[in-house]
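Presented below is the structure to which this report refers.
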Amino acid sequence: MISIAIICALLFALVLGIRTLLRRVFSVLDNIPGPPRKSLLTGNLTQYYDPDGWTFQRELEENYGQVVKLHGLFGDRQLYVFDPVALHSILVKDQDLYEEMPDHMSMNSLLFGTSIGSTIRDEHRRFRKIMIPAFSTASLRPMVPMFFEVAEKARDGLIAPSVRAGPQTVDLLPVLGRLSLELIGRTGIGSSLDSMEPGGAPTNRYAQALRELYPTAYKLSLFKPFLPLIVKMPFPSFRRFMINLIPLTALHRLRELVDITDAEATQLVADRKAAIQSGELYAKEDAKDIMSLLIKSNTSSEDAMHLTDEELVASTSIIMFAATDTTSSALNRLFHILALHPEVQDKLRAEILAAPEHLDHDALVALPYLDSFVREVLRLFSPVTPGAFRQAYEDTVLPLSTPIVGVDGTPMEAIRVPKGTPIYIAIAAVNHSKQIWGPDALEFKPERWTRGKAEGATTKTCGIYGNTMTFIGGGRSCIGFKFSQLEMKAVLCVFLRAFTFSAPDEGIKWRMIGMLQAPSVDGRSQLPIRVERRKV
């Protein structure tokens, strides 16, 4: 009996192995044009993930059709997609057929537990339904004064002391990183994470762990394909035992950081629930931070949609994590662009100075040139670059808006996509497409925007933000996109009233670190910008 079971298991493994091998050797995707693989082992992955691989990214955007074939590990065929109709199918119309990559969800599961980032389909929709009210316009209105307050603390504590005696070159990278963390600390969990004192750094245990989480996880990028095996281990204690046996320093440090963030978030949620239940904090009136609003939404939800305490903890940490690094990256780019374009900076400052110093929500979103500037920077330089990821969960057919010409010369109006095919949602390629944005698509032109719409954009995309794909679209679009814009606009208003920014002599280069962009000089992460107190 046992021998028969073993033989059946071996036969199953053999069939699975042969099927996998055949998919590596022969694929219906082979007729799709794409760059030659650089390596038999890693295909095009080293080019795609090269921190300085801007030339390769531009090649994908310009030299092939709007669907490009890439090679992954051991010849695995992958699709790089920026065709608008194809993206609408992937992200909206047939979104349940194309879900997050298992290795990405596994990483989120290891970092945070069961959350919006580690679930699919109905489970994912359950999280969104509970979380979205915390990011509604009604919930964001009371947060705007806090955005201004935190920005003013950063202005006075982190920049003003450096330029008191005259213009100085200031590394804005740590300044904007600390500012981003404090912004989400105050509005996310109702707690200050940074004193904003000169020369200091966050001393809060939760803040320190959050700052270190992404860089540590990035060191494990090469091991992401194996993460689903770890996540599927039967018991947490056994999983921890196996992690301890793996001789990777970064993995062990990540385990320590996850322990810290989980413990801190667990205590925060417990304290906030107790305060709300005791009447000390009335969720309806007094709680303005995202965590309190999340608990309030969860309390009023029907039982079938209700999040457990563990899911509330995971949701709190993933919000804190996601809002910190992306906002910091976007702010870095905004101020670098301002330093490079003094005429834009002067025009933007004039609009800000003509408005009251402290703006409410409606007045802030009504500043037209500020909105146009932010939209144009986020279009050309999306913080999440070069794209997001999906995987085909079933055999399906991908429609196209523009036929592509196959390797054999045959026009293709649709593409057969085998189950398991990894798909790159090419955010940057959509945002740079001349077919969508017109012949000046690669030019920095805030003036192209009028009331949130871009002149020359003739092709509709499924993006939720001004026809761009910066915040994706569909059922997995970014729920915090309005929140992040308000943060950026408040910071710009405060800083441009106080300082002028100009480009230094150092050559600032932008690198792709994982899925985020980061500035560097001579290989070191920094953003040296010349800052001068504005003469009133």
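The values are calculated or read from the model by the stated rules, or taken from the named source; none is laboratory data. From a predicted model like this one, the values you see are computed outputs, not experimental measurements. All Cβ positions, even for glycine, are placed from backbone atoms using ideal geometry, and neighbour counts span all protein chains on display.
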Name every residue in the range 406-444 that is under 30 Å from residue 466 (Cα atoms), part of a loop (DSSP other than H, G, I, E, B) and among the aliphatic types (A, V, I, L, M), in order of residue number. 426, 441, 442
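Results for (1) of a type outside the set (Asp, Glu); (2) under 27 Å from residue 467 (Cβ atoms); (3) modelled with pLDDT of 95 or more; (4) more than 22 Å from the chain's Cα centre (by Cα), shown as yes or no for each residue.
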position	(1), (2), (3), (4)
336	yes, yes, yes, no
347	yes, yes, yes, yes
350	yes, no, yes, yes
353	yes, no, yes, yes
366	yes, yes, yes, yes
371	no, yes, yes, no
376	no, yes, yes, no
382	yes, yes, yes, no
391	yes, yes, yes, no
Need pairs with beta-carbon distance below 7 Å; first residue within 20 Å of residue 293 (Cβ to Cβ) and within the range 107-128, second of a type in the set (S, T, N, Q) and assigned to a helix (DSSP H, G or I); sequence gap 6+ or separate chains. 112/317; 115/108; 115/315; 116/315; 117/108; 127/315
How about the range 375-395: which of its residues are part of a strand (DSSP E or B) and either under 15 Å from residue 482 (Cα atoms) or of a type outside the set (A, V, I, L, M, F, W, C) (or both)? 390, 391
Only one of 99, 61 that is within 24 Å of residue 130 (Cβ to Cβ), within 21 Å of the chain's Cα centre (by Cα) and charged (D, E, K, R): 99
Here is a list: 264, 280, 310. Which entry is out of contact with any Cys (no Cβ under 9 Å at 6 or more places or on another chain) and either over 22 Å from residue 127 (Cα atoms) or assigned to a loop (DSSP other than H, G, I, E, B) (or both)? 280
Starting from residues that are assigned to a helix (DSSP H, G or I) and out of contact with any Leu (no Cβ under 8 Å at 6 or more places or on another chain), keep the ones in the range 110-125 and report whichever is surrounded by the fewest Cβ atoms within 10 Å (Cβ to Cβ). 122
Please determine whether any residue of the range 322-332 is assigned to a helix (DSSP H, G or I), in contact with a strand residue (DSSP E or B) (Cβ under 6 Å, 6 or more places away or on another chain) and among the hydroxyl-bearing types (Ser, Thr, Tyr). yes
In the range 50-103, residues that are among the charged types (D, E, K, R) and in a helix (DSSP H, G or I) total 7
Within the range 217-249, how many residues are surrounded by 15 or more Cβ atoms within 10 Å (Cβ to Cβ), free of Cβ contacts under 8 Å to residues at least 40 places away in the same chain and part of a helix (DSSP H, G or I)? 3
Run down 47, 57, 78 and say which single residue is crowded, with 19+ Cβ neighbours inside 10 Å, under 13 Å from residue 429 (Cβ atoms) and modelled with pLDDT of 95 or more. 57
